[in-house]
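The values are calculated or read from the model by the stated rules, or taken from the named source; none is laboratory data. Keep in mind it's a predicted model, so treat the numbers as computed, not measured. Glycine also receives a Cβ, built like all others from the backbone with ideal geometry; neighbour counts cover every protein chain displayed.
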Amino acid sequence: MDAWVVTHPGPIPSRPLRPVRVPVPSPGPGEVLVRVEVCAVCRTDLHLAEGDLRPRRPRTTPGHEAVGRVVAAGPGAGRLSPGTRVGAAWLRSACGHCRYCLRGSENLCPRSTYTGWDADGGYAEYLTVPEDFAYPLPAETPAEKLAPLLCAGIIGYRALLRSDLPPGGRLGIYGFGASAHLTAQIAIAQGATVHVLTRSARARELAMTLGAASAGDATDAPPEPLDSAILFAPVGELVPVALAALDRGGTLAVAGIHLSDIPPLTYQRHLFQERTLRSVTANTRADGRAYLQLAMAHPPQVTTVPYPLAEADRALADLAADRVEGAAVLTISSP
Ligand SMILES: [Zn+2]
Ligand SMILES: [Zn+2]
């Protein structure tokens, strides 16, 4: 099959991602083999290719927003019959018996593994996924509308929960890529006033068409104090900017897996008056199921930019250069 692997992590112009021909993988115990229809491109893939996240095994295929059909089951699997459409997302496994797993925080499991980092992901014609961590998906929805939901949607949903937005509250969204544009739609549907702050003029336009109350530059002050904010841009310099924009008692959730260094904070200006700064670490399967149920009941407007599998490197280069409006998706096979 055709696939891409990260050979030597480094800046995109150094071509860290290479196309390869490899055997179709065999599903291991508890796993199913999935023929990939579409895999969305996430900023985390870029962090892995560029080495911001250290590789956990050599020559790994990235991609953790894969939609496809089950074609075979490994030993002990078989709950998902062949032909079932499923999604393979970032969280690939968790141990199930550590203190974090037992209290419902499997996203914090020290032995958790990740698609496209600990195991080969969806920049390929086939991938394997543990059956218990695959999300069944509707057969009738176009795959490119589903794939971005698997990370951009689910992680954005968890970030929204972590931002403690009160009902009808004022939410600031810093950075407006794939995840932010999905998260904004949930918040607006739930009655929030959403202010988008991003350096991209085109992203500001998209924000306004999706129903944002305002859209300004990333370092602008929003037109009113914020109850909650989510930082999607991987830019540590924006942490003090967003904290300063919070009202008393407000919360800032940092959604990314990687963030450049945060400059020094001033207690009075950034944290006093009970402002809260918190991170978001992956998601639990419960988050995933809750979000996908919400998204199936009220399908979000998913803005996608398609690329053939053969041009995965170009998709990452475009993402690195902020040339993608919405979510880049690799179209790999038709069902
Ligand atoms: Zn665990
Ligand atoms: Zn992701």
Check your understanding: Which of (1) without any contact (Cβ under 8 Å) to a residue 40 or more places away in the chain; (2) surrounded by fewer than 19 Cβ atoms within 10 Å (Cβ to Cβ) is the odd one out, the single condition Glu224 does not satisfy?
Key -> (1)
Practice item. Check Arg59, Arg103, Arg111, Arg85 and return the single one that is more than 16 Å from ligand 1 (Cβ to nearest atom), charged (D, E, K, R) and surrounded by fewer than 17 Cβ atoms within 10 Å (Cβ to Cβ). Key: Arg59
Review point. Of these, Gln268, Gln273, which one is touching a strand residue (DSSP E or B) at 6+ places or on another chain (Cβ under 8 Å), farther than 30 Å from Asp132 by Cβ and surrounded by fewer than 20 Cβ atoms within 10 Å (Cβ to Cβ)?
Key: Gln273
Revision key, fill the gap. With the first residue restricted to the stretch 292-305 and required to be assigned to a loop (DSSP other than H, G, I, E, B), and the second required to be among the β-branched types (Val, Ile, Thr), Cβ contacts under 8 Å at 6 or more apart or on different chains are Pro299/Thr141; Pro300/Ile186
Review point. Which of the following residues is without any contact (Cβ under 8 Å) to a residue 40 or more places away in the chain and touching a His at 6+ places or on another chain (Cβ under 6 Å): Leu243, Leu265?
Key: Leu243
Study note, to complete from the structure: Taking the stretch 40-88 and keeping residues within 16 Å of ligand 2 (Cβ to nearest atom), touching an Asp or Glu at 6+ places or on another chain (Cβ under 6 Å) and assigned to a strand (DSSP E or B) leaves Ala40, Val67
Practice item. Identify all residues within the stretch 186-242 that are under 25 Å from Leu48 (Cα atoms) and among the charged types (D, E, K, R); write none if there are none. Key: Arg199, Glu237
Check your understanding: What strands (runs of 3 or more DSSP E), lying completely within the stretch 158-227, carry at least 3 residues that are under 21 Å from Thr276 (Cα atoms)?
Key -> 170-174, 193-197
Review point. If Trp4 satisfies every condition in (1) part of a strand (DSSP E or B); (2) within 16 Å of ligand 1 (Cβ to nearest atom); (3) of a type in the set (Phe, Trp, Tyr) but one, which is the exception?
Key: (2)
Practice item. Could you tell me which numbered condition Leu292 fails, if it satisfies all but one of (1) surrounded by 14 or more Cβ atoms within 10 Å (Cβ to Cβ); (2) touching a helix residue (DSSP H, G or I) at 6+ places or on another chain (Cβ under 8 Å); (3) at pLDDT below 95? Key: (3)
Exercise for review: Search the stretch 114-128 for residues being assigned to a strand (DSSP E or B) and over 14 Å from Asn283 (Cα atoms), and hand back the single one that is nearest to ligand 1 (Cβ to nearest atom).
Suggested key: Ala119
Practice item. Scan the stretch 250-264 for residues that are away from ligand 2 (no atom under 16 Å from the Cβ) and either farther than 27 Å from Ile154 by Cβ or not in a strand (DSSP E or B) (or both) and report the count. Key: 5
Exercise for review: Look at Arg54 and say whether it is exposed (fewer than 15 other Cβ atoms within 10 Å of the Cβ) and either of a type in the set (Val, Ile, Thr) or within 23 Å of the chain's Cα centre (by Cα) (or both).
Suggested key: yes
**Study point:** Test: Trp90 is within 16 Å of ligand 1 (Cβ to nearest atom) and aromatic (Phe, Trp, Tyr)
**Key:** yes
Exercise for review: Kindly indicate the residue of the stretch 106-130 that is more than 18 Å from the chain's Cα centre (by Cα) and more than 16 Å from ligand 2 (Cβ to nearest atom) and also nearest to Thr44 (Cα to Cα) among those meeting that condition.
Suggested key: Ala124
